[in-house]
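Down below is the structure, laid out as structure tokens.
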Amino acid sequence: MYQPWSIVRANMWYQQQRWGCGFNYLPRTSVNWLEMWQAETFDLRTIEQELTWAGTYGYNRLRTNLPFTVWQHDRNGLINRIDSFLAIAHAHGIKVMLTLLDDCAFSGDEPFIGQQKSPVPGIHNSQASGSPGRGKVIDRRSWPQIEAYVRDMIRYFRHDPRIQIWDLYNEPGNGGIFCGQHESALYDDLLEIYALTLLFNVFRWAREESPSQPLTVAAWHIDNREACETAFTHPIDVAALHLSDVISYHAYVNTPGQRSILSQLAAFGRPIFCTEWMARHVGSRIETQLPLFHTQRISNYQWGLVQGKTQTWLPWPDIAFDEYQDSLWFHDVLTPDGLPFSEQEMALVSKLSAMG
């Protein structure tokens, strides 16, 4: 059950798909995915408006995360909200990649139901919350609940054509230092060990549910934002790349670095998806890298759509103020009114997407 699709099957599947030009999605009114998906703050009107904008500009793919904590609290309600979301995306020609688990908990808090904290002024993605939360990842007693969640989500939607791919686990073991939070090196090591073991289990649980959609987990460890001659040698990345039906990765790097990564990943002989990219301050830009992805038929998902509560138009906290211009957005492409940060960027998205 650990075995991925054959290379032949993966490539035959990909030949039937159009080139993917997409984005990672949270509505502008949500500070994290808990706020997006829980009943009290599920903002269908804003989602409809923003996906309308996305479809108008030519986007045809999106990636978004599901929160274990909402499933645990309100399973039936979450499924109904997912179905409503998929219906809107489908109406605008957008296929969806759903992510089930996520270790990017930059708020430093374990996930909780109810009113979420306000964004920290001036801080990028300050209230990011994990799924199921780092505490549960390192507590094996919680894993039967995680298994039930993974199996339930995939079993329910395993033949839904509106879902193109399952991304099982976003950045396993990411113990990032954000918002003044700093866990000990020992805790980070422990998280990585448990995340790697959980990664193997998640693939097994998902495969046993026999979804018609391919499974993937992105390789994401890049130490240098420019030189990437030996990318993805971390054990978690190695496991992710060898267990996935289709290859996926994260790379906020300049264009030479992006070319180097794609050259390395081509050795797998499988379809390649760049599921996180675009960070203008470090040279990851639409005008140079979107044509690269199009030429090589790499489906891709830039970070962000609309400027909102995640504040991801601001740079990462480790980029000092004097290293960027106030007028340059880090991520995101649209204002809260739906206007482009850059007309040239959106013209390129529209052009390449129309070419297919």
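Roughly how much of CYS104 is accessible, in Å² to the nearest 10, using a 1.4 Å probe? Result for CYS104: roughly 10 Å² accessible. Residues of region 1-28 with an amide N closer than 12 Å to a point placed 7 Å from the Cα of ARG297 along the Cα-to-Cβ direction: 11-20.
In the chain, the DSSP-assigned H stretches of four residues or longer account for a calculated mean residue ellipticity at 222 nm of -12000 deg cm²/dmol, using -39500 (n - 2.57) per stretch and the full residue count as denominator. The mean accessible area for residues of region 86-211, using a 1.4 Å probe and ignoring ligands and nucleic acids, is 39 Å² per residue. So, counting K/R as plus one and D/E as minus one, what does the shell of residues with Cβ under 14 Å around GLU40 add up to? So the environment of GLU40 carries a net charge of -2. PRE reach from ASP139 (point 7 Å along Cα→Cβ): which of region 100-118 fall under 15 Å by backbone N? Answer for region 100-118: 109-113. Of the residues TYR57, TYR301, the one with the largest accessible area comes first in the ranking TYR57, TYR301, computed with a 1.4 Å probe on protein heavy atoms. When HIS331, HIS242, HIS234 are compared by accessible area at a 1.4 angstrom probe, the order from most to least is HIS242, HIS234, HIS331.
Assign one of three labels to region 107-157, namely rounded, prolate or oblate, based on the Cα gyration tensor with a ≥ b ≥ c the square roots of its eigenvalues; rounded applies when a/c is under 1.5, prolate when it is not and a/b is larger than b/c, and oblate otherwise. List each step's numbers first, then the result.
Details: a/c = 2.98, a/b = 1.90, b/c = 1.56.
Taking the square roots of the gyration eigenvalues as a ≥ b ≥ c, region 107-157 is prolate.
Note on the chain: GNM, Cα springs under 10 Å; of ASP43, ASP139, ASP167, the largest mean-square fluctuation is that of ASP139. For region 91-138, with all protein chains in place and a probe radius of 1.4 Å, 53% of the accessible heavy-atom surface sits on carbon or sulfur.
What do you get when you divide the Cα radius of gyration of region 42-163 by 2.2 N^0.38 Å, with N the number of residues?
Details: Rg = 15.5 Å, N = 122, 2.2 N^0.38 = 13.7 Å.
So region 42-163 has a normalised radius of gyration of 1.14.
Across region 34-51, rounded Karplus estimates of 3J(HN,Hα) from the backbone phi angles (6.51 cos²θ - 1.76 cosθ + 1.60, θ = phi - 60°) give 4, 5, 5, 9, 6, 4, 5, 10, 5, 9, 5, 5, 5, 4, 4, 5, 6, 6 Hz, Gly and Pro being marked x. Computed from backbone phi with θ = phi - 60° and the Karplus coefficients 6.51, -1.76 and 1.60, the 3J(HN,Hα) list for region 230-239 is 10, 6, 6, 9, 4, x, 5, 5, 4, 4 Hz; x is used for glycine and proline.
Annotation: LEU348 carries an accessible surface of approximately 40 Å², with a 1.4 Å probe and no ligand, DNA or RNA atoms counted. Within the listed set ARG207, ARG155, ARG45, the Gaussian network model of the chain (springs between alpha-carbon atoms below 10 Å) gives the highest mean-square fluctuation for ARG45.
Distances between placed amide hydrogens fall under 5 Å for VAL253 paired with MET278, all partners being 5 or more residues away or on another chain.
Note the full-extension length gain between THR233 and THR56 as 0.36 nm times their separation in residues minus their Cα-Cα distance, in nm to one decimal.
Numbers: separation 177, 0.36 × 177 = 63.72 nm, distance 3.92 nm.
Using 0.36 nm per residue and subtracting the Cα-Cα distance, I get 59.8 nm.
With a Förster radius of 35 Å applied to the C-beta separation of SER212 and SER350, the computed FRET efficiency comes to 0.70.
Applied to region 200-210, the Karplus parametrisation 6.51 cos²θ - 1.76 cosθ + 1.60 on θ = phi - 60° returns per-residue 3J(HN,Hα) values of 4, 5, 5, 4, 5, 4, 5, 5, 5, 8, 6 Hz, with x for Gly and Pro. The figure for SER142 is an accessible area of roughly 10 square angstrom, using a 1.4 Å probe on the protein chains alone. The label-point distance for GLN17 and ILE123, in a model that sets each label 7 Å from Cα toward Cβ, rounds to 3.5 nm. One entry in (i) 50, 48, 42; (ii) 55, 49, 38; (iii) 67, 46, 40 is Cα extents along the principal axes in Å calculated from the shown coordinates; its label is (i).
The values are calculated or read from the model by the stated rules, or taken from the named source; none is laboratory data. The model shown is predicted, which means the values in this text are computed figures rather than measured ones. Note that each Cβ is placed from the backbone with ideal geometry, even for glycine, and that neighbours are counted across all protein chains shown. These area figures cover heavy atoms from the full protein model, side chains too; ligands, DNA and RNA do not enter into them. Shrake-Rupley method; radii C 1.70, N 1.55, O 1.52, S 1.80 Å.
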